[in-house]
1. State which residue pairs qualify: first residue under 13 Å from Asp455 (Cα atoms) and of a type in the set (Ser, Thr, Tyr) and inside segment 511-535, second residue in a strand (DSSP E or B) and open to solvent by 10 Å² or more (accessible area, probe 1.4 Å) in any location, beta carbons under 9 Å apart, and separation of 6 or more residues or different chains.
2. When you scan segment 162-171, do you find a residue that is part of a loop (DSSP other than H, G, I, E, B) and open to solvent by less than 10 Å² (accessible area, probe 1.4 Å), even just one?
3. Residue check: is Pro473 within 13 Å of Leu353 (Cα to Cα) and open to solvent by less than 10 Å² (accessible area, probe 1.4 Å)?
4. Inspect all residues belonging to segment 236-251 and state whether any of them is surrounded by fewer than 22 Cβ atoms within 10 Å (Cβ to Cβ) and out of contact with any strand residue (DSSP E or B) (no Cβ under 7 Å at 6 or more places or on another chain).
5. Do you know which residues across segment 252-279 are open to solvent by less than 10 Å² (accessible area, probe 1.4 Å) and closer than 14 Å to Arg348 by Cα?
Amino acid sequence: MFLKSLLLVGFSLLVAFVVNVPTVEARIRHYKWEAKYEYRSPDCFKKLVITVNGRSPGPTILAQKGDTIVVELKNSLDTENVAIHWHGIRQIDTPWFDGTEGVTQCPILPGETFKYQFIVDRPGTYLYHAHYGMQREAGLYGSIRVALPDGESEPFAYDYDRSIILNDWYHSTAYEQASGLSSSNFSWVGEPQSLLIQGRGKFNCSSLTFASSDSNGVCIPSNPECSPYVLTVIPGKTYRLRVASLTGLSALSFQVEGHNMTVVEADGHYVEPFVVKSLFIYSGETYSVLIKADQNPSRNYWIQTNVVSRKPKTTPGLAIFNYYPNHPRRSPPTSPPVGPLWDDVAPRLAQSLSIKARQGHGRAPPATSDRVIVLLNTQNEVNGYRRWSVNNVSFDHPHTPYLIALKHNLTKEFDQTPPPDGYDFKNYDIYVKQNNSNATTSSGIYRLKFNTTVDVILQNANTMNVNDSETHPWHLHGHDFWVLGHGSGKFDISKDPKNYNLANPIEKNTVPVHRYGWTALRFVADNPGAWAFHCHIESHFYMGMGVVFEEGIERVGKLPTSIMGCGASKGLRLP
């Protein structure tokens with residue numbers, strides 16, 4: 001009997017070895033979070049900040065591929081709803097936990113606790129942030145790092161792993177900004193007051209019109225909360241910096257004084273390595289760069305981020321690249337480096353064109369597409385209100401989230417007429433301020449045939465200001481897309497597709513559309529659900545620059561009642 005048992009054990013081990021069954025099962029990572037307002041001074045100016053367990057940025061989620069993440073979020077904001085989007089996580093089989101208020105769920109009411117539960121199905125660098133109104137700008141955001149399973153390794157080597165989130169920071173509240181944007185007496189949010197590196201910046205308190213002494217408590221330069229972020233490194237070691245941007249408005253450059261950076265990952269996908277002195281990064285993007293601590297170790301160096309693409313009215317963000325054992329607060333002996341020219345599009349376009357899938361790691365896109373949708377970014381006035389629009393249709397959130405309305409066939413809850421697949425290619429001049437008098441608002445959506453291949457062409461144009469075109473980073477929920485190409489000027493639908501990169505395009509979930517330029521994407525509509533696709537500039541999406549894709553809704557499982565309770569779904573929620 002003993003021999004028989006021994007043989008069975010041996011056979012089981014042999015089978016496990018042959019079929020490569022992992023020895024460690026995927027784990028459940030359980031987090032209990034509380035979102036609430038607290039006074040903080042991230043750039044020395046004191047204001048109310050949304051914190052997660054008392055922190056902004058919030059706690060980093062650390063997991064391995066295949067793990068289940070469970071976040072129990074208590075909304076302690078008292079007077080505001082909340083929702084959290086898990087940026088870059090595709091939510092396969094769990095579209096209701098994407099965390100997009102108005103699209104995949106009703107908001108979490110004050111005092112309520114909501115449980116998110118989803119699987120992180122691939123390694124990479126991702127984010128989480130508020131997706132209700134403009135709350136992301138209030139400080140509710142953080143990092144997600146998903147590692148490979150035990151026994152697997154990255155196609156590059158490094159000694160230490162660090163996360164850095166870049167952000168721009170306003171002293172006005174998200175509510176004040178939203179009120180100004182949605183008023184008939186339009187009030188623009190303006191340029192940010194400071195730039196934060198991992199939640200820390202430095203505002204010039206002396207620029208305020210009132211005294212900035214310790215007694216008033218509003219802006220205190222010596223406040224330790226706004227001392228520079230310090231990244232301590234050991235000489236000779238190589239660091240993987242996971243650099244992410246969650247700016248509300250600004251496109252940024254990122255550099256470490258005197259050091260080269262090798263780009264190796266973008267939005268969770270391996271990149272054919274290329275070296276940069278300055279990394280351009282747009283809201284919603286994540287990159288991994290390798291940096292070796294190979295400079296003079298007797299001193300510290302500046303880490304700096306600058307505004308690009310908009311005329312800078314914001315002081316550069318600074319942190320310290322601290323060579324151990326130098327004191328971490330010792331300022332570098334040099335002036336901070338000069339950032340790239342803010343209005344030079346060429347190097348930013350060149351970086352976009354440089355990002356290719358790493359050889360042996362990228363998936364080839366389908367050779368052709370089944371549908372082409374061209375989205376022209378326009379700015380206009382609709383019924384006296386300033387709006388951003390797509391093909392002159394400005395997105396309008398319904399009261400009942402799309403996922404619920406679609407699954408329960410609540411057809412009266414949103415416009416059933418789909419938005420247009422294109423615009424007047426022949427006659428529309430992208431370089432001229434247009435009247436756009438035909439602009440309208442709509443809650444209509446794009447219905448995609450399940451498992452088909454869709455091309456999206458994002459076309460930039462002039463705004464309502466003469467000689468002005470803005471950079472727009474577009475983010476797709478529920479999918480990654482292949483970036484087939486970028487170009488300057490007006491997209492030529494008969495010529496430009498012939499130059500698409502079908503050999504080694506990078507997959508991403510967020511991509512910039514450069515001023516007066518176009519970007520071509522391809523994705524497969526194979527993830528059942530309702531998914532937002534929008535400009536990741538907070539004010540632009542709030543003003544209507546977004547669309548929603550529906551695909552395979554009949555394949556979506558039974559919706560949890562926890563996502564219901566608003567609009568027509570009030571009666572669907574269990575007591």
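The values are calculated or read from the model by the stated rules, or taken from the named source; none is laboratory data. Values in this document were obtained by computation on a predicted structure and should not be read as measured data. Heads up, the Cβs are rebuilt from the backbone with ideal geometry, glycines too, and the neighbour counts pull from every protein chain shown. Protein only, heavy atoms only, side chains kept; ligands, DNA and RNA dropped before computing areas. Shrake-Rupley method; radii C 1.70, N 1.55, O 1.52, S 1.80 Å.
1. If the second residue must be in a strand (DSSP E or B) and open to solvent by 10 Å² or more (accessible area, probe 1.4 Å), the pairs left are Thr519/Val483; Thr519/Gly485; Thr519/His486; Thr519/Gly487.
2. yes
3. no
4. Yes - at least one qualifying residue is present in segment 236-251.
5. Across segment 252-279, the qualifying residues are Leu252, Ser253, Phe254, Leu279.
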